[in-house]
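Participant: Got a structure here, written out as structure tokens. Questions coming.
The values are calculated or read from the model by the stated rules, or taken from the named source; none is laboratory data. Please read these numbers as outputs of a predicted model, since none were measured by experiment. When we count neighbours, we look across all protein chains shown, and the Cβ atoms used for this are built from the backbone with ideal geometry, even at glycine. We work out accessible area using only protein heavy atoms, side chains counted, and drop any ligands, DNA or RNA first. Shrake-Rupley method; radii C 1.70, N 1.55, O 1.52, S 1.80 Å.
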Amino acid sequence: TLYEIPSCAGTQFISTSHPGVRRGDHYHLHKTEWFLVLVGEAELLHRPFTVDGAYGVTRLSGDKPEWVGILPLVTHAIVNIGSRDLVLLVQSDVVFDEANPDTYDEKV
């Protein structure tokens, strides 16, 4: 299987999560992130930072991989809803800067 990364500028990483694990619950002021499930099943929860309450849910599967982008000022989290470890490829358009991570906690 071949997964093409849309752009190599920025930061790319692979994350693994056990079943039931939720990651994220944050937003970025400047960074756009793209998510691709390589193995497993996940729900990507998302809502504009300025909106309370209602949120969207995008289901992602390694059986039918597709890139999903999250723009700046969109609070987001990803949950492993499968029965096996989730393997997630994440790409952002900004190189990670430890001194200015551009990550702000906010529960979806």
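Participant: Picking from Ile78, Ser92, His30, whose Cα lies most toward the positive end of the charge dipole for the chain (charges on Cβ: Lys, Arg +1; Asp, Glu -1)?
Facilitator: Farthest towards the positive end: Ile78.
Participant: Same structure, new question: Give the carbon-plus-sulfur fraction of the accessible surface of the stretch 5-108 in %, rounded to a whole number; probe 1.4 Å, heavy atoms of protein chains only. All intermediate terms of the calculation are to be shown ahead of the outcome.
Facilitator: Values: 3190 of 5770 Å².
Accessible surface attributable to carbon and sulfur in the stretch 5-108 totals 55 percent.
Participant: Name the residue farthest towards the positive end of the dipole of the chain from the options Ser61, Phe49, Ile5, assuming +1 on Cβ of Lys and Arg, -1 on Cβ of Asp and Glu, about the Cα centre.
Facilitator: Toward the positive end, the furthest listed residue is Ser61.
Participant: Quick one: dipole size for the chain, taken about the Cα centre, charges +1 on Lys/Arg Cβ and -1 on Asp/Glu Cβ, in debye to the nearest 20.
Facilitator: Values: 8 positive and 15 negative charges, 60 e Å.
Charge dipole of the chain: 280 debye, to the nearest 20.
Participant: Would you mind working out the accessible area per residue for the chain, using a 1.4 Å probe, and quoting it in Å²? Could you put the intermediate results ahead of the total?
Facilitator: Working: 6310 Å² over 108 residues.
Accessible area per residue, the chain: 58 Å².
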